[in-house]
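Working notes, structure below.
The values are calculated or read from the model by the stated rules, or taken from the named source; none is laboratory data. Remember, predicted model here, so these are calculated numbers, not experimental data. Neighbour counts run over all protein chains shown; Cβ positions are idealised from the backbone, glycine included. Heads up: the accessible areas ignore ligands, DNA and RNA and are worked out on the full protein's heavy atoms, side chains in. Shrake-Rupley method; radii C 1.70, N 1.55, O 1.52, S 1.80 Å.
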Amino acid sequence: MQVDSLREKFLGFFKSKKHKIVTSDSLVPQDDLTVLFTPAGMNQFKKEFLGFDAGFKRAATSQRCLRTDDLEKVGKTSSHHTFFEMLGNFSFGDYFKDEAISWAWEFLIKELKISEDRLWVSVYKDDAEAYQIWKEKIGIPVKRIIKLGDKDNFWPAEAKTKGPNGPCGPCSEIFYDFGSNIGCQKADCTPACDCGRFVEIWNLVFTQFNRKDDGSLEPLPKKNIDTGMGLERLASVMEGKQSNFETDLFEPIVREIKKHITVKSTSENEFVYAIADHLRAVIFCIYDGVLPSNESRGYVVRKIIRKSVLHLCSLGIKEPLLNKLVPLVAQVMRVPYPELIEKQENIAQIILSEEKKFISTLNDAPKIIKTVFASYNHSAGKAESVQVELGKTAFELYDTYGIPFELTQDWASKSGIKISIDVFNKEMLAQKTRSKLQSSMKGDVFNTKGLELKLKETKFVGYKDYSAKAKILAILKDNSEVKKAAQGDAIQIILDQTPFYAEGGGQVGDVGVIIKGKNIFEVLDTRKIDKVIAHIGRVKAGNFKKTDLVKAEVNLERRMSIARNHTGTHILQAALRKVLGRHVQQQGSLVSEDKFRFDFTHFKALSKEELGRVEEVANNFIINNYAVSAKQMTLKEARKTKALAFFGDKYGEKVRVISISDISKEFCAGTHLEATGQVGLLKILQEGSVASGIRRIEATTGTFAYKIIKQEKEILSEISGLLSAPLESLSQEIEKKIKQVKELEKVLNSRRLETMKNLTDDLIASGEMIKDTKVIAKTVDNLDIDLLRKNVDLVKAKTSNAIIALASVKEGKVLLVMGVTEDLCNKGIDAGKLIRQIAPIIGGSGGGRADFAQAGGSKPENLAQAFDELRKVISI
């Protein structure tokens, strides 16, 4: 049975059981800080589990998930993955164990036609109710029902003793038996054995308790069902494969990777399976807007790409390959994710950029390692304390650059340096622990903030109205509901309806006032808590109480500036796509009153000409005064219009589409203008890089753009006056002046160098002997780093057995260079190591080679102290 059919069968089955079919949430959890990535199907339903009425009591999903806590096992086992799909059915205070167990059995036996003899189940040791249902109602033989404890059959695992607090309960798992000829082949083998004979395919969680601070469990007034079944594992069962990597989800990818292998390895399948898994994880992370970076989720993506590249290298594949496999994955996943086909080019380019950079790093690894370890000589590397430091440094090379320990160790052994592998492994273990903590739950199982109010959805009337009469439904102070608030109180007011736009979609929240006669509440920000809009601010005059009838007024001037900028982002994207190509797609934005920021896919910096052309096209769109229209439609209808959607957003059944004539069509819930002419003017402020394959433009519109242009003109007029040159020839005049200055600086530096040559003997003579070593430490005036270096070279050429430290102060900053003569270098004295010891004293840092090093700092007043420290270090 094909995987797409399995997914469809599951959702269709539960639709027939009156479940609402909910689309998969993003891999980036929405409003959930307890996890880094979405690890299970239940995460998007936390509010519903807490009693929030979403309009349905039953749901079923095929949720895309990502887990990193078993990253090292991927490829080594038949069923561990980073990215996977979890099929799940859920009940929010509706049905419970009887239906959950019965329907699970019905789906597996009647719908999928799995042999009953192949299925075993486990129950929690104290859950007599579940045991009885399996035994009496379903009729499973007792020998195929096993009882397990808190670690295996309670959710969260060991929650009774270790927490976290919140909803929890026993669970029951369904296992598939591959047969007695598989695994340990012992007669008493059960699903409790991890030999590989049994695979868990479905976990039914019965959330019936609330764990309290003292560890006690109290029954929940409404019991919930949360189930999860790995689609990949189910596919392996249905296709008769013992490994998930042999199913139609992975087989085409595995086959393609194997075509490129040039070096045979005993771990070939392990590497290939890991690459196939990791590639899917990376593709769907980028699909959901998580880009490779050095922080948080982006670091996970970068790390997974690097692991894949290293596996490819082990198979003799030295050129970028992952990016070429993106269309294949998009084809395999085209049924549930048709948008992946449209986005495959952008995703492939982002991955290619990462591959190229990491392969370049691996090629440069010997040079990078040599630079990092430059200050350690052969004899020093044998000291135990230094070995510990080297072990940590080796881990930093892995963590920062992705350079594997084996490469570092190989270079070190050739250089006579010993690195502690135990220290490296200790640092690695600490990082894995941090990673597991990030991907596991933090704090209580569910955060109930905002839900306990049980307020109905706030009606938003602000697309057309900027003021509205409303009723106060609740007042919050210090996260608790209060009945009234007086002058000076910092509070949040919740109304039945509001013209205030709540922060969202990259657009900042509205500000303004809520008034009741002479009573004034100043709204400083507007945010959304679930479907409730909260007006955040301070009582400026008088007082307010619950049920008060008030008037809510948005700051119209600010709102219009924000609307100019938001319509401006749509205009800018249309201009970028026209100038650069249709691969340009939004990756993020921030729309405020004075400017906007727009992140988009593109794989190199925009040239001056391209930026000018983009700005020109955008302003032509504005001058043409195209109509801007908004239309509410179903998600399915919106997709048919080919409207652009933001990579990382999850959309509901109804969406709002903003159209600008025939030049732009985008999903957007923000506030906009009625025509492009109202933008007035669009001015690009700057362009730069955000991440691999992602660029960022900052721009502004309307009066803010006009003010900047006016300011720039005033500055140019002032410069024109100072140089006595007309504006049209200002550029040539400045070039002429710069050339003259450079020529004068060249002459001046030449004269300074001649002067220094004449003073070289004086410098040498000024040195003092410390332990048979001549130490020359001196401050010289107005020299740049190049002249300081040349001076060190002059001194080294005329003397031996010397350490030279020369400093100069320019514009309040310290420039410091240090040289060590060849004879002292041969004795193990290192300029790089010395300068790192004294650079912090001058408020900076430094480094370099054994014979020459340099540093910079911000504390010129500490130069004498730094030189004293140098003398002290040498004398030890």
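When you go through (1) surrounded by fewer than 23 Cβ atoms within 10 Å (Cβ to Cβ); (2) out of contact with any Cys (no Cβ under 9 Å at 6 or more places or on another chain) one by one for Ser236, which number turns out not to apply?
All conditions are met except number (1).
Go through the residues of segment 273-289 one by one and say whether even a single one is of a type in the set (Asp, Glu) and touching a residue at least 60 places away in the same chain (Cβ under 8 Å). Please lay out each step first, then the result.
Within segment 273-289, the subset of a type in the set (Asp, Glu) is 277, 288.
Next, from what is left, pick out any that are touching a residue at least 60 places away in the same chain (Cβ under 8 Å): 277, 288.
For segment 273-289, residues of a type in the set (Asp, Glu) and touching a residue at least 60 places away in the same chain (Cβ under 8 Å): present.
Give me the strands (runs of 3 or more DSSP E) completely within segment 751-846, filtered to those with at least 3 residues that are crowded, with 18+ Cβ neighbours inside 10 Å, ordered by residue number.
In segment 751-846, the matching strands (runs of 3 or more DSSP E) lie at 773-779, 802-810, 813-820.
How many residues, within segment 176-228, are charged (D, E, K, R) and part of a strand (DSSP E or B)?
Residues that pass the stated criteria total 7.
One residue is enough: does segment 688-702 have a residue meeting the conditions assigned to a loop (DSSP other than H, G, I, E, B), open to solvent by 20 Å² or more (accessible area, probe 1.4 Å), at pLDDT 95 or above and not small (Gly, Ala, Ser)?
No - not one qualifying residue is present in segment 688-702.
Filtering segment 150-195 down to residues that are without any contact (Cβ under 8 Å) to a residue 40 or more places away in the chain and on the phi > 0 side of the Ramachandran plot, which residue is surrounded by the most Cβ atoms within 10 Å (Cβ to Cβ)?
Among those residues, the one meeting the criterion is Gly183.
Being surrounded by fewer than 22 Cβ atoms within 10 Å (Cβ to Cβ) and in contact with a helix residue (DSSP H, G or I) (Cβ under 8 Å, 6 or more places away or on another chain): is that true of Val74 here? So that I can check it myself, show each step before the final result.
Numbers: surrounded by fewer than 22 Cβ atoms within 10 Å (Cβ to Cβ): no; in contact with a helix residue (DSSP H, G or I) (Cβ under 8 Å, 6 or more places away or on another chain): yes.
No; evaluated as a whole, the condition is false for this residue.
Here's the yes/no breakdown for (1) surrounded by fewer than 18 Cβ atoms within 10 Å (Cβ to Cβ); (2) farther than 21 Å from Val300 by Cα:
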{"residue": "Asp4", "(1), (2)": "yes, yes"}
{"residue": "Lys9", "(1), (2)": "yes, yes"}
{"residue": "Lys15", "(1), (2)": "yes, yes"}
{"residue": "Lys20", "(1), (2)": "yes, yes"}
{"residue": "Thr23", "(1), (2)": "yes, yes"}
{"residue": "Leu27", "(1), (2)": "no, no"}
{"residue": "Gln30", "(1), (2)": "yes, no"}
{"residue": "Thr34", "(1), (2)": "yes, no"}
{"residue": "Pro39", "(1), (2)": "no, no"}
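Check Glu270 against each of (1) in contact with a Lys or Arg (Cβ under 9 Å, 6 or more places away or on another chain); (2) in a helix (DSSP H, G or I); (3) farther than 28 Å from Leu644 by Cβ; (4) open to solvent by less than 30 Å² (accessible area, probe 1.4 Å) and name the one condition it does not meet.
Against the list (1) in contact with a Lys or Arg (Cβ under 9 Å, 6 or more places away or on another chain); (2) in a helix (DSSP H, G or I); (3) farther than 28 Å from Leu644 by Cβ; (4) open to solvent by less than 30 Å² (accessible area, probe 1.4 Å), Glu270 comes up short only on (4).
Of all the residues that make up segment 408-422, how many are among the small types (Gly, Ala, Ser), assigned to a helix (DSSP H, G or I) and open to solvent by less than 70 Å² (accessible area, probe 1.4 Å)?
Count: 1.
Is it true that Glu99 is open to solvent by less than 10 Å² (accessible area, probe 1.4 Å), acidic (Asp, Glu) and modelled with pLDDT of 95 or more?
The answer is no for Glu99.
Test of understanding: among Lys147, Lys143, which residue is open to solvent by 60 Å² or more (accessible area, probe 1.4 Å) and either in contact (Cβ under 8 Å) with a residue 24 or more places away in the chain or touching a helix residue (DSSP H, G or I) at 6+ places or on another chain (Cβ under 8 Å) (or both)?
On inspection, the qualifying residue turns out to be Lys147.
Kindly check whether there is at least one residue in segment 45-62 that is within 22 Å of Glu295 (Cβ to Cβ), touching a residue at least 40 places away in the same chain (Cβ under 8 Å) and in contact with a helix residue (DSSP H, G or I) (Cβ under 6 Å, 6 or more places away or on another chain).
No; the residues of segment 45-62 include none that is within 22 Å of Glu295 (Cβ to Cβ), touching a residue at least 40 places away in the same chain (Cβ under 8 Å) and in contact with a helix residue (DSSP H, G or I) (Cβ under 6 Å, 6 or more places away or on another chain).
Tell me which residues, restricted to segment 617-650, are open to solvent by less than 70 Å² (accessible area, probe 1.4 Å), modelled with pLDDT under 95 and touching a Lys or Arg at 6+ places or on another chain (Cβ under 9 Å).
Residues satisfying the conditions are Met633, Thr634, Leu635, Ala638, Thr641, Ala643, Leu644, Ala645, Phe647.
For segment 580-616, enumerate the residues that are surrounded by fewer than 19 Cβ atoms within 10 Å (Cβ to Cβ), of a type outside the set (D, E, K, R) and part of a helix (DSSP H, G or I).
Selection gives Leu611, Gly612.
When both residues are 6+ apart or on different chains and their Cβ atoms are under 7 Å apart, which pairs have a first residue that lies in segment 787-810 and is in contact (Cβ under 8 Å) with a residue 60 or more places away in the chain and within 13 Å of Phe852 (Cα to Cα), and a second that is open to solvent by 10 Å² or more (accessible area, probe 1.4 Å) and in a helix (DSSP H, G or I)?
From residues that are in contact (Cβ under 8 Å) with a residue 60 or more places away in the chain and within 13 Å of Phe852 (Cα to Cα), the pairs are Ile803/Ile874; Ala805/Phe867.
Tell me whether segment 292-315 contains one or more residues that are open to solvent by 10 Å² or more (accessible area, probe 1.4 Å), closer than 18 Å to Tyr337 by Cα and assigned to a helix (DSSP H, G or I).
The answer is no, given that none of the residues of segment 292-315 is open to solvent by 10 Å² or more (accessible area, probe 1.4 Å), closer than 18 Å to Tyr337 by Cα and assigned to a helix (DSSP H, G or I).
Condition check ((1) more than 20 Å from Ala630 (Cβ to Cβ); (2) open to solvent by 50 Å² or more (accessible area, probe 1.4 Å); (3) modelled with pLDDT of 95 or more) across all residues:
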{"residue": "Val461", "(1), (2), (3)": "no, no, yes"}
{"residue": "Ala470", "(1), (2), (3)": "yes, no, yes"}
{"residue": "Leu473", "(1), (2), (3)": "yes, no, yes"}
{"residue": "Lys477", "(1), (2), (3)": "yes, yes, no"}
{"residue": "Ala485", "(1), (2), (3)": "yes, no, yes"}
{"residue": "Ile491", "(1), (2), (3)": "yes, no, yes"}
{"residue": "Asp496", "(1), (2), (3)": "yes, no, yes"}
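Hey, can you tell me all the residues within segment 130-140 that are assigned to a helix (DSSP H, G or I) and surrounded by 15 or more Cβ atoms within 10 Å (Cβ to Cβ)?
Ala130, Tyr131, Ile133, Trp134, Lys135, Ile138
Only residues that are within 24 Å of Lys604 (Cβ to Cβ) and either touching a Lys or Arg at 6+ places or on another chain (Cβ under 6 Å) or among the β-branched types (Val, Ile, Thr) (or both): list them for segment 353-374, please.
Just the residues of segment 353-374 that are within 24 Å of Lys604 (Cβ to Cβ), to begin with: 353-364.
Once the filter is applied, which keeps residues that are within 24 Å of Lys604 (Cβ to Cβ) and either touching a Lys or Arg at 6+ places or on another chain (Cβ under 6 Å) or among the β-branched types (Val, Ile, Thr) (or both), segment 353-374 yields Phe358, Ile359, Thr361.
For segment 617-645, which residues satisfy the criterion of being within 30 Å of the chain's Cα centre (by Cα), among the aliphatic types (A, V, I, L, M) and not in a helix (DSSP H, G or I)?
Answer for segment 617-645, where residues must be within 30 Å of the chain's Cα centre (by Cα), among the aliphatic types (A, V, I, L, M) and not in a helix (DSSP H, G or I): Ala643, Leu644, Ala645.
Kindly evaluate Phe84 against the criterion of being in contact (Cβ under 8 Å) with a residue 24 or more places away in the chain, of a type in the set (Phe, Trp, Tyr) and either open to solvent by less than 10 Å² (accessible area, probe 1.4 Å) or assigned to a loop (DSSP other than H, G, I, E, B) (or both).
No, not satisfied.
Assuming Thr526 fulfils every condition listed in (1) in a strand (DSSP E or B); (2) open to solvent by 10 Å² or more (accessible area, probe 1.4 Å) apart from one, which condition is it?
Failed condition: (2).
Tell me which of these Phe373 doesn't satisfy, since it passes every other one: (1) at pLDDT below 95; (2) more than 18 Å from Thr82 (Cβ to Cβ); (3) open to solvent by 30 Å² or more (accessible area, probe 1.4 Å).
(3)
Just give me the residues in segment 651-687 being without any contact (Cβ under 8 Å) to a residue 24 or more places away in the chain, surrounded by fewer than 20 Cβ atoms within 10 Å (Cβ to Cβ) and assigned to a strand (DSSP E or B), in sequence order. Quick ask: steps written out before the conclusion?
Within segment 651-687, the subset without any contact (Cβ under 8 Å) to a residue 24 or more places away in the chain is 651-655, 662, 686.
In the following step, the residues that additionally are surrounded by fewer than 20 Cβ atoms within 10 Å (Cβ to Cβ) were identified as 651-654, 662, 686.
Those that are without any contact (Cβ under 8 Å) to a residue 24 or more places away in the chain, surrounded by fewer than 20 Cβ atoms within 10 Å (Cβ to Cβ) and assigned to a strand (DSSP E or B): Lys654, Gln686.
For segment 764-788, give me each residue that is over 54 Å from the mean Cα position of the chain (by Cα) and among the hydrophobic types (A, V, I, L, M, F, W, C).
Correct list: Ile764, Ala765, Met769.
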